[in-house]
Amino acid sequence: MKNLLLTTSFAIALSAPAFAAGTHDGGHGETKPAAMMVGMPGDAAKVDRTIDVTLLENDEGQMLIESEPMDIKEGETIRFNITNKGELEHEFVLDTVERNAEHKIEMAKMDMEHDDPNRIRLDAGASGEVVWTFSNSGTFEAACLIAGHYESGMHREVAVGEQMAQADVEYTSGTIKKIDAKAGKVTIIHGPLVTLDMPAMTMVFRADETMIANMSEGQDIEFVADRVKGKLTVTQIK
Ligand SMILES: [Cu+2]
């Protein structure tokens with residue numbers, strides 16, 4: 001019955017891109033969102049990037065999930081490339097901290113081997129992958145819920161941040177003093193560049209052809225500048 005419910009919920013999630021909410025009775029008796037809080041199974045053909053993960057025990061008796069920081073942007077699809085370099089069997093489960101805590105209690109009572117898309121169980125030396133789309137921002141968790149492993153250190157924060165909205169970009173106002181199209185340079189009398197920690201002044205920036213084509217000397221602009229390959233560059237203009 002559980003598999004049937006999961007299949008149904010994923011079909012709904014896949015057929016409706018704007019799918020937001022909806023609940024059904026999960027296999028463990030609690031009410032579970034059809035698409036989980038932590039996100040939904042990702043499309044392996046549309047992976048944004050890969051995070052390598054190592055599961056292992058160390059000499060100090062700790063059990064660890066090692067990887068680069070799991071800082072993810074909302075909407076990103078990640079391939080977790082997971083290798084169990086330990087001597088014991090381990091899991092990699094993506095979920096909310098709360099749900100991991102609930103499942104950990106159940107796992108302590110009875111070791112269950114799940115076959116859900118948000119988790120994988122690996123024998124010592126084995127590797128595998130979880131492809132996951134993080135559709136909601138928030139703080140989630142990667143963990144191993146085999147009895148005692150979480151307590152020995154097998155959990156790691158998964159931070160999913162909101163996509164930087166256009167409104168969050170700091171535009172600075174300026175006046176174009178001079179354009180050198182050939183050199184790809186533009187001189188701008190500008191206000192403080194907050195993100196670059198620079199006061200108001202007149203400075204030469206790099207800009208690409210397309211950007212320069214839309215500029216004229218004496219024009220008042222709103223722009224965003226950043227360091228690109230070490231050079232101050234106009235990256236956006238309006
Ligand atoms: Cu483990």
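The values are calculated or read from the model by the stated rules, or taken from the named source; none is laboratory data. Just so we're clear, the structure is a prediction, and the values are computed from it rather than from any experiment. A quick note on method: Cβ atoms are made from the backbone with ideal geometry, for glycine too, and the neighbour counts reach across all protein chains shown. Areas reflect the complete protein model, heavy atoms only, side chains present, ligands, DNA and RNA absent. Shrake-Rupley method; radii C 1.70, N 1.55, O 1.52, S 1.80 Å.
Accessible surface calculations at 1.4 Å, restricted to protein heavy atoms, place segment 169-237 at 60 Å² per residue.
Cα-Cα pairs above 19 Å in segment 63-149: how many percent? Looking at segment 63-149, the distances longer than 19 Å represent 38 percent of pairs. Beyond 24 Å in Cα-Cα separation lie the following of the pairs 73/238; 182/229; 178/238: 73/238. With both labels modelled 7 Å from their Cα along Cα-to-Cβ, the residue 137 to residue 101 distance reads 2.4 nm. Taking the Cβ-Cβ separation of residue 220 and residue 48 as r and a Förster radius of 45 Å, what is the calculated FRET efficiency to the nearest 0.05? Once rounded, the FRET efficiency stands at 0.75.
Tell me, what % of the accessible area of segment 33-164 is carbon and sulfur with a 1.4 angstrom probe? That share works out to 47 percent. Looking at segment 169-237, the pairs of alpha carbons with a distance over 19 Å make up 19% of the total.
Extension gain, residue 113 to residue 180: 0.36 nm times the residue separation minus the Cα-Cα distance gives 17.6 nm. Considering all C-alpha pairs of segment 123-164, those separated by over 14 Å amount to 63%. Restricting segment 199-236 to trypsin sites (Lys or Arg not before Pro) that sit in a DSSP loop and have at most 13 other Cβ atoms within 10 Å of their own Cβ leaves 229. Seen from a random direction on average, the alpha-carbon convex hull of segment 126-198 projects onto 10.6 square nanometres.
Please state the shape class of segment 86-238: rounded when a/c is under 1.5, otherwise prolate if a/b exceeds b/c and oblate if not, all from the C-alpha gyration tensor. In terms of gyration-tensor shape, prolate.
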